[in-house]
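The values are calculated or read from the model by the stated rules, or taken from the named source; none is laboratory data. Worth saying up front: this structure is predicted, and the values here are computed from it rather than measured. Backbone-built Cβ (ideal geometry, glycine too); neighbour counts: all protein chains shown. In case anyone asks, the SASA skips ligands and DNA or RNA and just uses the protein heavy atoms, side chains included. Shrake-Rupley method; radii C 1.70, N 1.55, O 1.52, S 1.80 Å.
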Amino acid sequence: DNGLVVDKSLIRPATLEDLDAAFCQKLMNECKPDAVVCKMDHYAALVGRHLMGLGLTIGKDILLAGFDDDPLAGLLPVPLTTIRFAPDPFAKTCYDRLMAQIADPAEPLPRMTLIDVELVIRESTTGANPSS
């Protein structure tokens with residue numbers, strides 16, 4: 001919507017099992033990112049652990065964010081910036097689409113629906129020291 005270009009070469013699909021120290025080292029060597037955004041807070045927590053193991057300081061040397069505002073996000077050694085995704089609007093959209101599909105299976109469904117989310121900014125992207 002903002003006309004920003006996504007460099008698809010920086011996207012690294014990964015399963016939970018992929019997120020080990022070797023994956024993070026390869027990511028840092030190949031992409032040299034200043035920030036990492038993970039598809040779930042759980043993934044971000046694992047990536048953060050391995051990046052710290054590489055000697056990086058989360059929130060200073062590299063910014064880190066996740067998605068879904070898992071309760072663990074605020075409890076990590078460096079609290080995680082995340083996207084809070086309210087389940088009610090998502091559930092309603094899914095229900096409405098399911099009912100529309102049942103009512104008329106031949107009617108094509110919209111390919112995209114926008115649902116408001118909330119950005120929860122924490123120390124993993126601000127550089128603040130949570131212990132100070």
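Using only side-chain charges placed at the Cβ, +1 for Lys and Arg and -1 for Asp and Glu, the dipole size of the chain relative to its Cα centre rounds to 320 debye.
Computed with every protein chain present, the accessible area of Arg84 is close to 90 Å² [probe 1.4 Å]. Each residue of the range 1-70 gets 106 Å³ once the volume of the Cα convex hull is shared out per residue.
Under 13 Å from the Cβ of Leu119, count the other residues' Cβ atoms, weight Lys and Arg +1, Asp and Glu -1, and hand me the total.
-2
Using a probe radius of 1.4 angstrom, the carbon and sulfur fraction of the accessible surface of the range 1-89 is 59%. Can you tell me the relative contact order of the chain? Whole percent, Cα pairs under 8 Å, sequence separation 6 or more. Averaging sequence separation for qualifying contacts and normalising by length gives 24 percent for the chain.
The range 1-33 and the range 42-106 have Cα centres spaced 16 Å apart. Using a probe of 1.4 angstrom and keeping all protein chains present, the accessible surface of the range 31-132 works out to 65 square angstrom per residue.
Based on DSSP H segments of at least four residues, each scored -39500 (n - 2.57), the chain has a per-residue ellipticity at 222 nm of -10500 deg cm²/dmol.
Across the chain, the convex hull enclosing all Cα atoms gives 147 Å³ per residue.
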